[in-house]
Amino acid sequence: MSDTPSNMLPLGTKAADFTLLDTVSEEHLSLDKLKGNKGTVIMFICNHCPFVLHVNPIIIELAKKYLEKGISFIAISSNDVKKYPQDAPHLMKKVAKKLMYPFPYLYDKSQEVAKAYQAACTPDFYLFDNMLKLVYRGQIDDSRPGNGKPLTGNDLHSALKALLKNEKINQVQKPSIGCNIKWVTH
């Protein structure tokens with residue numbers, strides 16, 4: 001388990017377009033089809049990372065709360081499945097169904113989407129406004145596996161609340177920390 005921080009893509013960056021396989025529906029879905037009318041959370045996660053396993057309950061809770069308010073949630077796994085077979089699409093589907101993810105769980109086989117977002121770790125969170133401009137990136141909260149801090153989702157939750165109220169989002173944003181994305185090496 002390595003502690004890799006987010007790269008912190010510059011605020012205001014436009015969301016990179018993509019069309020990826022949704023491992024649950026087995027359809028190819030685009031950002032344009034999935035984006036929310038008030039905002040969109042894009043998160044890079046995977047099946048096996050202990051940091052993701054730790055935050056899964058709060059991700060699901062926040063998604064359920066904000067989906068009905070016009071915020072869409074999109075999960076993407078970009079890991080090298082040859083070296084990390086536990087992150088293969090058929091197992092992503094199993095995890096999504098078992099945990100009842102209320103959002104699509106997309107597979108970025110080429111890793112081009114992770115590169116476009118400068119994603120570095122799992123989990124890595126990005127919040128875009130209704131124009132797909134980046135307004136928040138970084139951690140969900142200060143909780144990490146074993147650090148004893150409660151899992152609250154406060155950092156992302158505060159950004160989501162501010163976005164919906166058209167209030168200024170706190171510009172002091174802490175990087176997420178997690179396992180590094182498992183890049184394909186040739």
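How many of the residues making up the range 28-40 are without any contact (Cβ under 8 Å) to a residue 24 or more places away in the chain and surrounded by 19 or more Cβ atoms within 10 Å (Cβ to Cβ)?
0
Of everything in the range 105-124, what is touching a helix residue (DSSP H, G or I) at 6+ places or on another chain (Cβ under 6 Å) and either surrounded by fewer than 16 Cβ atoms within 10 Å (Cβ to Cβ) or in a strand (DSSP E or B) (or both)? Give them in sequence order.
TYR105, TYR107, THR122
Restricting the search to the range 41-53, which residues are more than 11 Å from the chain's Cα centre (by Cα) and buried (at least 19 other Cβ atoms within 10 Å of the Cβ)?
ASN47, CYS49, PHE51
Being surrounded by fewer than 18 Cβ atoms within 10 Å (Cβ to Cβ), part of a loop (DSSP other than H, G, I, E, B) and more than 15 Å from the chain's Cα centre (by Cα): is that true of GLN171 here?
Yes.
Any residue in the range 1-27 that's closer than 25 Å to PRO102 by Cα: show its pairings with residues that are assigned to a loop (DSSP other than H, G, I, E, B) and among the acidic types (Asp, Glu) at Cβ separation under 8 Å, as long as the two are six or more apart or on different chains.
Listed by first residue and then by second, the contacts come to PHE18/ASP108; LEU20/ASP108; LEU21/GLU27.
Looking at (1) of a type outside the set (Asp, Glu); (2) over 14 Å from ASP17 (Cα atoms); (3) over 14 Å from the mean Cα position of the chain (by Cα), which is the only condition HIS157 fails?
Unmet condition: (3).
Being in contact (Cβ under 8 Å) with a residue 12 or more places away in the chain, surrounded by fewer than 20 Cβ atoms within 10 Å (Cβ to Cβ) and touching a Pro at 6+ places or on another chain (Cβ under 7 Å) narrows it down to one residue among PRO145, PRO89, PRO102; which is it?
That would be PRO145, the only listed residue that is in contact (Cβ under 8 Å) with a residue 12 or more places away in the chain, surrounded by fewer than 20 Cβ atoms within 10 Å (Cβ to Cβ) and touching a Pro at 6+ places or on another chain (Cβ under 7 Å).
Please give the number of the condition LYS65 fails out of (1) surrounded by fewer than 17 Cβ atoms within 10 Å (Cβ to Cβ); (2) in a strand (DSSP E or B).
Result: LYS65 fails condition (2) only.
Can you report the number of residues in the range 148-166 which are under 20 Å from LYS38 (Cβ atoms), without any contact (Cβ under 8 Å) to a residue 24 or more places away in the chain and outside any helix (DSSP H, G or I)?
2
Every number here is computed from the coordinates shown, using simple stated rules; none is lab data. Fair warning: this is a prediction, and the values are worked out from it, not measured in the lab. Note that we place each Cβ from the backbone using ideal geometry, even for glycine, and neighbour counts take in every protein chain shown.
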